[in-house]
Amino acid sequence: MADVCSSCKNQVTNMKGMVRFSCPGCGKVEFVRCQRCRANAVQYKCQECGFSGPN
Ligand SMILES: [Zn+2]
Ligand SMILES: [Zn+2]
């Protein structure tokens, strides 16, 4: 299964600077973010608990 960025949906498998983390709100959902979305502070939102970040 390929990893895709939770924000831009680009494939991030083995991409330098990508991060993977559990939702800070509920811990159930895993987010993946690419370096570009981190740099641009692109928003992501959890479908489970409604948490949204970049923080
Ligand atoms: Zn992205
Ligand atoms: Zn959540």
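Pairs are defined by a Cβ separation below 8 Å, a sequence spacing of at least 6 or placement on different chains, a first member in the range 5-16 that is free of Cβ contacts under 8 Å to residues at least 60 places away in the same chain, and a second member that is in a loop (DSSP other than H, G, I, E, B) and open to solvent by 70 Å² or more (accessible area, probe 1.4 Å); the pairs so defined are 7/43.
Applying the selection to the range 17-33, what residues are within 13 Å of ligand 1 (Cβ to nearest atom) and not β-branched (Val, Ile, Thr)?
17, 18, 20, 31, 33 - these are the residues of the range 17-33 that are within 13 Å of ligand 1 (Cβ to nearest atom) and not β-branched (Val, Ile, Thr).
Within the range 34-52, the set of residues being more than 9 Å from ligand 2 (Cβ to nearest atom) and either in a loop (DSSP other than H, G, I, E, B) or small (Gly, Ala, Ser) (or both) comprises 34, 39, 41, 42, 43, 52.
Identify all residues within the range 9-30 that are closer than 18 Å to residue 47 by Cα, of a type outside the set (Val, Ile, Thr) and out of contact with any Lys or Arg (no Cβ under 7 Å at 6 or more places or on another chain); write none if there are none. Those that are closer than 18 Å to residue 47 by Cα, of a type outside the set (Val, Ile, Thr) and out of contact with any Lys or Arg (no Cβ under 7 Å at 6 or more places or on another chain): 9, 20, 21, 22, 23, 24, 25, 26, 27, 28.
Of all residues in the range 1-33, count the ones that are of a type outside the set (Gly, Ala, Ser) and away from ligand 2 (no atom under 15 Å from the Cβ).
Of the residues in that region, 15 qualify.
The values are calculated or read from the model by the stated rules, or taken from the named source; none is laboratory data. The structure displayed is predicted, hence computed values, not measured ones. Because the Cβ atoms are built from the backbone with ideal geometry, glycine has one as well, and the counts that use them run over all protein chains shown. Just the protein is used for accessible areas: all its heavy atoms, side chains included, with ligands, DNA and RNA removed. Shrake-Rupley method; radii C 1.70, N 1.55, O 1.52, S 1.80 Å.
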